[in-house]
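Have a look at the structure below, then the notes.
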Amino acid sequence: MDAYELITRNATEVVTDEEVRALADDPDGKRVYVGYEPSGVLHIGHMLTANKLIDLQEAGFEVVVLLADVHAYLNDKGTFAEIRETAERMRDQFLAYGLDAESTEFVYGSEFQLDEEYVLDTHELEVSTTLNRARRAMAEIQGGDTAKVSHLVYPLMQALDIVYLDLDLAVGGLDQRKVHMLHREQIPTMDGESDHAYEARPCLHTPILADLDTGVGKMSSSSGTTISMEDSEADIAEKINGAFCPPTRDPEPDDEGNERENPVLEIFEYSVFPRFDTVVVERPEEYGGDLEYDDYESLAADLESGELHPADAKGALADYLNELIAPGREVLRELDA
Ligand code: NAL
């Protein structure tokens, strides 16, 4: 796989393709960032962006993981002390998941977001951005709760962080795209207080998994079923066994006309195949014996043709997810011992 393919595989969108191609021409030493609001445990959404970071490390990038403690505070996730404590746990889980320790830098937002020039730059963005624009940028991140003033400052600071961390590429789930668009439009208009370059950076967006139980809407860490580093092997098996998995990539809409996806196939595509060269589905001889897949397409095709039964696909998915999660689960066990 060449650098461009590695950088863009499984990406839902890149902004812009031309800019990302230019990075792919010479990826060595380029800096990519991803930011996370610290929470106690990594869930499968974090792992999905982490897979992209691992791709980028393989392509030669240096990775900056922003542990966005101030953002979590603005999003009402706890006291500052509580958030700092969970951030430490995140770091250890990311390394256990497979990020390369040598080329990963972890930065706390509070290390620079309280500096005078950063605060003044945030105020500059508050002056130049309409309330409406900031609210729209935040809508997909914050969900349905009543917006607070902090929720409007949040996307402005995120747009600014990309400048302050001197990044060449910003990565995030598709729910971050409106913040990234705000970044691209507003940053080049700034006078700015610092020595950083106030230039728009390219962005890459990873898919958002569908709700595991129904395939309708997005998987969420706060509602519905999610998979996390806290799950035991049995928890994972039970959750995946209960997942929505019709024998097709394109399920019919539900009775109310809502679009549905196949979350079992999505997890194979975005979480398993990027990390394993081959996927073996174990079956007893009387059911045809083991099946072996080198890529997602052939597994999906077998599910659609009936060659691969959904129950067997789920069993294999649970095993591979367990393998990905086991090291992080061990880290959590040691931290809590
Ligand atoms: C991601 C988040 C918060 C602040 C950031 C700053 C710079 C780059 C990425 C960042 C978290 C993200 C979320 N908004 O919804 O998880």
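The values are calculated or read from the model by the stated rules, or taken from the named source; none is laboratory data. In this text the structure is predicted, and so the values were computed from the model without any measurement. Counting neighbours? That spans all protein chains shown, and the Cβs are built from the backbone with ideal geometry, glycine included.
Quick grid of which residues meet (1) within 18 Å of LEU66 (Cβ to Cβ); (2) near the ligand (Cβ under 8 Å from one of its atoms); (3) surrounded by fewer than 15 Cβ atoms within 10 Å (Cβ to Cβ); (4) of a type outside the set (Phe, Trp, Tyr):
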site	(1), (2), (3), (4)
THR130	no, no, yes, yes
ALA137	yes, no, no, yes
ILE141	yes, yes, no, yes
LEU152	no, no, no, yes
ASP161	yes, yes, no, yes
TYR164	yes, no, no, no
GLN176	yes, yes, no, yes
HIS180	yes, no, no, yes
HIS183	yes, no, no, yes
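Consider the range 1-41. How many of its residues are without any contact (Cβ under 8 Å) to a residue 24 or more places away in the chain and loosely packed, with under 15 Cβ neighbours inside 10 Å?
Residues meeting the conditions: 8.
Quick check on this structure: which one of VAL153, VAL127, VAL149, VAL107 is over 25 Å from GLY328 (Cβ atoms), in contact (Cβ under 8 Å) with a residue 24 or more places away in the chain, not acidic (Asp, Glu) and not assigned by TED's automatic domain parsing to the domain that holds ILE325?
Checking each option against the conditions leaves just VAL153.
Return only the number of the condition from (1) under 21 Å from VAL272 (Cα atoms); (2) more than 15 Å from the ligand (Cβ to nearest atom); (3) part of a loop (DSSP other than H, G, I, E, B) that VAL41 does not satisfy.
(2) is the only condition that VAL41 fails.
What's the total number of residues in the range 166-190 that are in a loop (DSSP other than H, G, I, E, B) and more than 19 Å from the chain's Cα centre (by Cα)?
Residues flagged as in a loop (DSSP other than H, G, I, E, B) and more than 19 Å from the chain's Cα centre (by Cα) within the range 166-190 amount to 2.
Among the residues of the range 14-34, is there at least one that is within 19 Å of GLU269 (Cα to Cα), among the polar types (S, T, N, Q) and out of contact with any Asp or Glu (no Cβ under 8 Å at 6 or more places or on another chain)?
no
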